[in-house]
Amino acid sequence: MLFLSLWLTFFPAEQVRCEIIDGYTNKLSAFPGDSIDLHLNASRISGSYHLTLHDLAGRHVYKIKIPVFPQTVSMSNPSEDGYGYKVTARICTPELPSGVYMWDDKIPFVIRARNPKITVVYSSNTVNAYCNAGGKSLYGFNSTEALASHKVSFLRPLPLPRHSEAFLTWMAAQNFQDVGYITDVDLEEYSGVKKSKLMIIAGHSEYWTLQARKNFDRFVHEGKNAMILSGNTMWWQVRYNKAKDQLICYRDALIDPVRSPKLKTVTWCEPSLQYPIYTSTGADFQNAGYGLKPDNGWDGYKITQESPLLEGTSLKKGDVLRCPSDELDGAPVTYVKDGTPIIDYQRLSFHKIEIVGYDLVWRAGKEGIATWIVYQPARSAGIVINTASTDWCSQRGIGVNSEIQKITRNMIQKLLKNENVFSAEGSMTVVN
C-alpha cells in the first residue's frame, strides 16, 4: 500500500495507463450499423478510454472513446452462464469490410456482409468448446476438478481459433472480392448464405447443430460449391439455448435431457442420429485419426493424382505435400491398391469422387487413412473439396507452406469460376 501511495503521489491516477484486461461482446458477429454491447474489464476507471479495433494484421482500423472500469465475475457458474460483466458501452458496429477483428487486440469479433459471393465460416463453436474461461470447458483435461461442463457460455472471454488463425490472416490479405465472414451460430439461418457461390469451412470445425448441417447440405445440393479446410469436422452434434449464447453438448445420450433421439448431443457417427458425417463431408474422423502420433504416414499428403488443384506448384504424383496435423478425416475405402486407397463407392453413393492425396494416421489402436478428396454428391449438386486436416489452416500449414497457399488459391479460384477440379485419370467414378 505504501508503494502504491508513493506511486500515485508522483504519478496521478489519470497518468497511470489504463488497459483492457479481458472482455466479450453480447454477440459474436454483427452487420455494420448494428448495435452491440461491449463488456470490458479494465485495469482502472477511465472516463475517456480510446478503444481500438484491430484487423488480424494488427492494424488499427477503428477507434472510439468510451468510459471503462474494472469488473469482477458476478455469476456463480461463469463457464456455463457467462461472466456477468456489466455493459461497458453500447455502440454501432463500424462500417468496415467483413472480417474477423479484435477489440483492443484481445477480443475477437466478426463483422458480417450481406449476400457475399464467398462465405467463410468462423469456428466459434469449437473455440467455445475448448475454452476454459471461468474454470471449465466441454473437456475434463482443462476443467476444474477434471470434470467437463455440459454447457459453455459465449458470454465470456474467448480466444481466436488456433487451427484457423493463420488462414484468417492469410485470407484477409488476399485480393478475393466480396468475402463475408459468419460464425457457426449465424449458419443457423440459411438466408445469410443462400446467395453465396462458395462456402469455406476453416480450421477445426468440430461442433455442428442439426440445422447448420442441413443448411450446409442444402447449399451444396442447390449447386453451390464448398471447401472444407478442416479436420475432425462435424464430429459432435450440439445445440444452443434459446438466446443462442450457450453451447450445449452432453456427449452421452443417457444424460442428455432432450427427448428426441435425433437431437441427442453425441457424435454424429452414432447410428441413432441417422445422419452419418461422410454424407455431408465425404470423410470423417472415425475412418482416419491423429496425425502426430507414431504411424507409417508422412505428416502430409502423398499425392495420388495429377490434379488441377496442384497447378503452379512443384508437386506431382507420388510427392508429399507436407502438412503435420493434429487430427484428420478419411473417406470410406475398401482396400489399398498399388499404394493408393480405393474409395468405397457403394457406401458413399456420390456422383463423383476422387482422392487427391492421403496419409496414414492412427486412432483407437489401429491405422487409419486420411484423405484429401474432391467430390460431387449428386449430378445437380455443387463441388466440394475436403482437405480433411485440422492444420491445413493453421500455422503449421497455410501459415508457413507456400504450396498450401498456392493450392488454396487454386481451389478458391476454380470453384468460383466453376472450372474443372477433377483429374483426367483419377479414381473418379460416376455412381448416380
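Summary table below
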| read-out | value |
| --- | --- |
| Single match in Lys337, Lys366, Lys417 (criterion: within 21 Å of Phe219 (Cβ to Cβ), among the charged types (D, E, K, R) and surrounded by fewer than 16 Cβ atoms within 10 Å (Cβ to Cβ)) | Lys417 |
| Selected residue (only one of Trp103, Trp170 is closer than 24 Å to Thr233 by Cα and either in contact with a helix residue (DSSP H, G or I) (Cβ under 8 Å, 6 or more places away or on another chain) or in contact (Cβ under 8 Å) with a residue 40 or more places away in the chain (or both)) | Trp170 |
| Filtered residues of the range 342-394 (kept if closer than 25 Å to Gln405 by Cα, part of a strand (DSSP E or B) and small (Gly, Ala, Ser)) | Gly357, Ala370, Ser389 |
| The range 210-261, residues that are part of a loop (DSSP other than H, G, I, E, B), farther than 22 Å from Phe285 by Cβ and not charged (D, E, K, R) | Gly223, Asn241, Ala243, Leu254, Ile255, Pro257, Val258, Ser260 |
| Among the candidates Lys366, Lys316, Lys352, residue that is basic (Lys, Arg) and modelled with pLDDT under 95 | Lys366 |
| Elements of type strands (runs of 3 or more DSSP E) in the range 77-125, at least 1 residues being more than 17 Å from the chain's Cα centre (by Cα) | 89-92, 99-103 |
| Matching option when the condition is of a type outside the set (Lys, Arg) and surrounded by 15 or more Cβ atoms within 10 Å (Cβ to Cβ), among His60, His50, His54 | His54 |
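Per-residue answers, yes or no, for (1) modelled with pLDDT under 95; (2) out of contact with any helix residue (DSSP H, G or I) (no Cβ under 8 Å at 6 or more places or on another chain); (3) within 17 Å of Thr313 (Cβ to Cβ):
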{"position": "Pro377", "(1), (2), (3)": "no, no, no"}
{"position": "Ile385", "(1), (2), (3)": "no, no, yes"}
{"position": "Gln395", "(1), (2), (3)": "no, no, no"}
{"position": "Asn432", "(1), (2), (3)": "yes, yes, no"}
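The values are calculated or read from the model by the stated rules, or taken from the named source; none is laboratory data. Being a predicted model, the structure only gives us computed values, none of them experimental. Here Cβ is always computed from backbone atoms with ideal geometry, including for glycine, and neighbour counts include all displayed protein chains.
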